[in-house]
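Take a look at the structure below.
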Amino acid sequence: MTHTNLTIFHPAVFVLLGIPGLEAYHIWLSIPLCLMYITAVLGNSFLMVIIITERSLHEPMYFFLSMLAVTDILLSTTTVPKALAIFWLHAHDIVFDACVTQVFFVHVMFVAESAILLAMAFDRFVAICAPLRYTAVLTWPVVRRIALAIVTRSFCIIFPVIFLLKRLPFCRTNIVPHSYCEHIGVARLACADITVNIWYGFSVPIVMVILDVILIAVSYSLILQTVFHLPSQDARHKALSTCGSHFCVILMFYVPSFFTLLTHRFGHNIPRHVHILLANLYVVVPPMLNPIVYGVKTRQIRKSVAHWFFEIKVWCCASPLG
């Protein structure tokens, strides 16, 4: 075997195709994608401003919700602007390091969002199943440690992916049939054995996310068991409505993410453009809907938003221009 066969070669740039097979519809697809992205960024930013400025929302539940909003903004911003640049400007090129960075952030945000949803489930479990101990269990030092654990776990799980990609030689093609870089899609372009990439890139994050799902399911089973034993119907309704928004967000995150991952791994008969279209919707639809769901179903946020608009109206009427 010659030395050149062992040389690790990284192309200067990768070429992102967008959505192969739907090139003629790129402009039309970009319109709803852009609108959903703007809605996601504005909605989550507004939600964060509300939580930061309203003292009544300075509670662990809303702290975790603000973490979820930051994660949603980062997830969609990591992927959607590049996809829009491909659709509008035909800016298909992405340098190798930028591609690896995009891989890292896409997967980190996925694992982090799952952990944040678990933390929110734990918050609701303590609030409903042990309400008298809530302030003693979820103190701010504990909440900060949970937040640090979420960031650390997400980073440590995905950081090896960088080295798994950088060790690969790319000598076949630099064309990525996708609108953004993701781990296995890039690894499949390598002219080397990618078994480790497949097993680590698919198994480790999924195992951690499945563990999160199991713990969330256990938490909500105990929550429902407690709720249905409450003596008052009003108390049951209040407890269920408190958890309703969180449960909707859980479904919006896990159902499309698992469907996308499983079809990408096992759905060989599904056309490639369907895979990629689902992947694009996954990184923008849940971030768009999360603030809407919380805004509609969470009474404290509705009251804060109404108070905000009332103050703005008063200020506009009192100003000389009003």
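The values are calculated or read from the model by the stated rules, or taken from the named source; none is laboratory data. What you see is a predicted model, and the numbers here were worked out from it, not measured in a lab. Here the Cβ is made from the backbone with ideal geometry for all residues, glycine too, and neighbour counts use every protein chain on show. SASA here: full protein model, heavy atoms, side chains in, ligands and nucleic acids out. Shrake-Rupley method; radii C 1.70, N 1.55, O 1.52, S 1.80 Å.
What is the count of Lys pairs in the chain whose alpha carbons sit under 28 Å apart, if the two are 8 or more places apart or on different chains? Within the chain, the lysine pair count is 5. Computed on the chain, the Cα convex hull volume stands at 172 Å³ per residue. For Asp97, the solvent-accessible surface computed with a 1.4 Å probe is close to 90 Å², ligands and nucleic acids excluded. How high is the FRET efficiency from Leu240 to Arg144, r the C-beta distance, R0 30 Å, rounded to 0.05? After rounding to 0.05, the efficiency reads 0.55.
Phi angles of region 216-233 translate, via the Karplus equation with coefficients 6.51, -1.76, 1.60 and θ = phi - 60°, into HN-Hα couplings of 5, 5, 5, 4, 6, 5, 5, 4, 5, 4, 5, 4, 6, 9, 5, x, 9, 5 Hz per residue; Gly and Pro are given as x. Between the amide H of Phe14 and those of Ile94, Val95, Phe96, distances stay under 5 Å, these residues lying 5 or more places away or on another chain, with hydrogens modeled in the peptide plane. Averaged over residues, the count of other Cβ atoms within 10 Å places the peptides 103-109, 139-145 in the sequence 103-109, 139-145, highest first.
Where the alpha-carbon atoms of region 87-134 are placed on the principal axes, they occupy 57, 23, 10 Å, in descending order.
I want to verify a result. In a Gaussian network model of the chain, Cα cutoff 10 Å, which of these has the top mean-square fluctuation: Ala190, Ala149, Ala136? Answer for the Gaussian network model of the chain: Ala136. Note on Ile210 and Arg272: their simple-model spin labels are 2.9 nm apart, each label 7 Å out from Cα toward Cβ.
Taking Cα centre as origin and charging only the Cβ of basic (Lys, Arg, +1) and acidic (Asp, Glu, -1) residues, the dipole magnitude of the chain rounds to 500 debye.
Modelled spin-label separation between Gln225 and Thr101, with each label point placed 7 Å from Cα along the Cα-to-Cβ direction: 4.8 nm.
Our summary gives the chain a relative contact order of 29 percent, counting only alpha carbon pairs under 8 angstrom and 6 or more residues apart.
For region 173-296, the average shadow cast by the Cα convex hull is 9.6 nm², which is a quarter of the hull's surface.
Between Phe125, Val143, Ala85, the Cα set farthest toward the positive side of the dipole of the chain (charges on each charged residue's Cβ, about the Cα centre) is that of Phe125. Pull out a ≥ b ≥ c, the square roots of the eigenvalues of the alpha-carbon gyration tensor of region 1-98, then state rounded if a/c is under 1.5, prolate if not and a/b is larger than b/c, and oblate in the remaining case. Here region 1-98 falls in the oblate category.
Taken one residue at a time, the phi angles of region 83-91 give Karplus couplings (6.51, -1.76, 1.60, θ = phi - 60°) of 4, 5, 5, 5, 5, 8, 10, 6, 8 Hz. Gly and Pro are set to x.
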